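The values are calculated or read from the model by the stated rules, or taken from the named source; none is laboratory data. Keep in mind that this is a model prediction, so the values were computed, not measured. Counting neighbours? That spans all protein chains shown, and the Cβs are built from the backbone with ideal geometry, glycine included.
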Amino acid sequence: MKIMVLPGTIWQVPLMKKIKSMGYELYLANPVKNEGVYEIADHFLETDIFEQDKIISYCKKERIDVVMSEECDIATDVIAKINKEIGANSISTEMADLFTNKFLMREFCKTHHINPIPYRLCENMNEALEFYKENSPKIIMKPLDSNASHGVFTVNSELDIVEKFEETLRFSRNSKRVLVEKYIEGVEFTVDGLMTENGHVTLAISEKEHYKHNNNIANALFFTQQNMRFDYDLLRKTNDNLINATGLPFGLTHVEYKFYEGKYYLIEMAARGGGNLISAIIAPFMANIDNYDYLINKTINPNYNCKITADIDNDRTAILKFLDLPCEGGIVKKIAGEEYLANTPEIKSYKLNFSVGDYIHQPESDSVRIGYYIICAETRSRFDEIIKNISDKVKIELEDKDNER
């Protein structure tokens, strides 16, 4: 069995390692050989993932059985198109469109009466301004199919549209139009799941927090089985019903919601696992299942059947925490406490995207945050202990000593 994975970044490494552990021959396609990634594969194709004709030709020549990806929005429709051409098991291109095009998501909710909200597809700035006048004082402006929050803006005035419309438009990849939506107040959640032959199973739920300087960029995703302030059983039911209604045949899912006046409203959904290792580390930990094992087996064998049940009767607690600064930025003078991040068993992954001497600043999108850590603890009390230790031990000192974290 020959399996190709694309792209080839650190976020695909867990899937790649799982494929190799199952004894399959691994191919990797990516524009560059990322150190620590390409070495895992048996074969490497140097190519942009959007050069689909080149990849299809290579797959046919090498007799590759199926192409897979994970934690990557922009690969969803690419994978569907390539697998269709090589006759491999995959979601359809139409299904890929539904799970990547934010306008189609809004249309789906409206058609199926799943807590729809006002929205409009705009080809020009005047249409966006018209929608704002009808739905002020606040709306959201989004590209149709961007990733990592690129081009997403909260609009509080007509001037915001004038200043940001063209930037939002640039991040719409496949259709140069912009989606505007009525702004829904409330707390935001992420829900990771798995579509099986027996229906969709919700695996892990997080309550999101956002950076103060940009409330469209998350700085923490806090995972628990229940939440005293919000009905997670209702959220599981809402999420499972939504994904089941789409007809998605199989695969991992990642969906974002906002809770407002007793209802969970869809923000967006994806036919892939949550990024930044949520699906690789946190979702299987919280649900106590091997989601990658199921995904790979179902991909290579459409008749594969395995009963999946999420284990939620426990006190497991997890977090994906992104680092931030108490100031606009500065030059890093000292990093303290990294040994604690490296040596604590419950800290499953961490990364500092900077070194001493680097200039760091508050992130402008999801893809340029300065670092993160992931905690997976069996109990809330142990989780709280680790959080306190990180707060006490892990410090980023800037050259200006008043700006120390």
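Here are some notes:
- Of all the listed residues (Lys212, Lys182, Lys176), the sole one being out of contact with any Cys (no Cβ under 9 Å at 6 or more places or on another chain) and at pLDDT 90 or above is Lys182.
- Put simply, of Tyr27, Tyr38 the only residue that is touching a His at 6+ places or on another chain (Cβ under 7 Å) and modelled with pLDDT of 95 or more is Tyr27.
- In the range 231-259, the residues that are buried (at least 22 other Cβ atoms within 10 Å of the Cβ) form Cβ pairs under 6 Å with partners that are assigned to a strand (DSSP E or B) and among the charged types (D, E, K, R), at six or more places apart or across chains, as follows: His254/Asp192.
- The set of residues in the range 345-380 that are among the hydroxyl-bearing types (Ser, Thr, Tyr) and surrounded by fewer than 18 Cβ atoms within 10 Å (Cβ to Cβ) comprises Ser355, Tyr359, Ser365, Ser367, Thr379.
- Test result for Ser57, surrounded by 18 or more Cβ atoms within 10 Å (Cβ to Cβ) and either at pLDDT 95 or above or in the same structural domain as Val255 (by TED's automatic domain parsing) (or both): no
- Residues in the range 140-183 that are of a type in the set (D, E, K, R) and more than 19 Å from the chain's Cα centre (by Cα): Glu158, Asp160, Glu163, Lys164, Glu166, Glu167, Arg170, Lys176, Arg177, Glu181, Lys182.
- Where Glu207 falls short, out of the listed (1) free of Cβ contacts under 8 Å to residues at least 24 places away in the same chain; (2) surrounded by 14 or more Cβ atoms within 10 Å (Cβ to Cβ); (3) under 17 Å from Ser136 (Cα atoms); (4) not hydroxyl-bearing (Ser, Thr, Tyr): (3)
- Pairing residues of the range 308-328 that are more than 23 Å from Glu207 (Cβ to Cβ) with residues that are among the acidic types (Asp, Glu) and in a loop (DSSP other than H, G, I, E, B), at Cβ distances under 9 Å and at least 6 apart in sequence or on separate chains, gives Cys327/Asp400; Cys327/Asp402.
- Exactly one residue among Ala280, Ala310 is more than 30 Å from His361 (Cα to Cα), outside any strand (DSSP E or B) and not assigned by TED's automatic domain parsing to the domain that holds Trp11, and that residue is Ala310.
- Residues satisfying the stated conditions in the range 79-95, i.e. within 18 Å of Ile296 (Cα to Cα) and in contact (Cβ under 8 Å) with a residue 12 or more places away in the chain: Ile79, Ala80, Ile82, Asn83, Ile86, Ala88, Asn89, Ser90, Ile91, Ser92
- The one condition in (1) at pLDDT below 95; (2) touching a Cys at 6+ places or on another chain (Cβ under 8 Å) that Pro7 fails to fulfil: (1)
- Odd one out for Ile64, checked against (1) touching a residue at least 60 places away in the same chain (Cβ under 8 Å); (2) over 23 Å from Ala245 (Cα atoms); (3) surrounded by fewer than 21 Cβ atoms within 10 Å (Cβ to Cβ): (3)
- Considering (1) in contact with a Phe, Trp or Tyr (Cβ under 7 Å, 6 or more places away or on another chain); (2) surrounded by 14 or more Cβ atoms within 10 Å (Cβ to Cβ); (3) over 30 Å from Thr111 (Cβ atoms); (4) not aliphatic (A, V, I, L, M), the lone condition that Phe222 does not fulfil carries the number (1).
- Residue check: Asp77 meets all listed conditions (1) closer than 30 Å to Leu352 by Cβ; (2) surrounded by 20 or more Cβ atoms within 10 Å (Cβ to Cβ) but one, namely (1).
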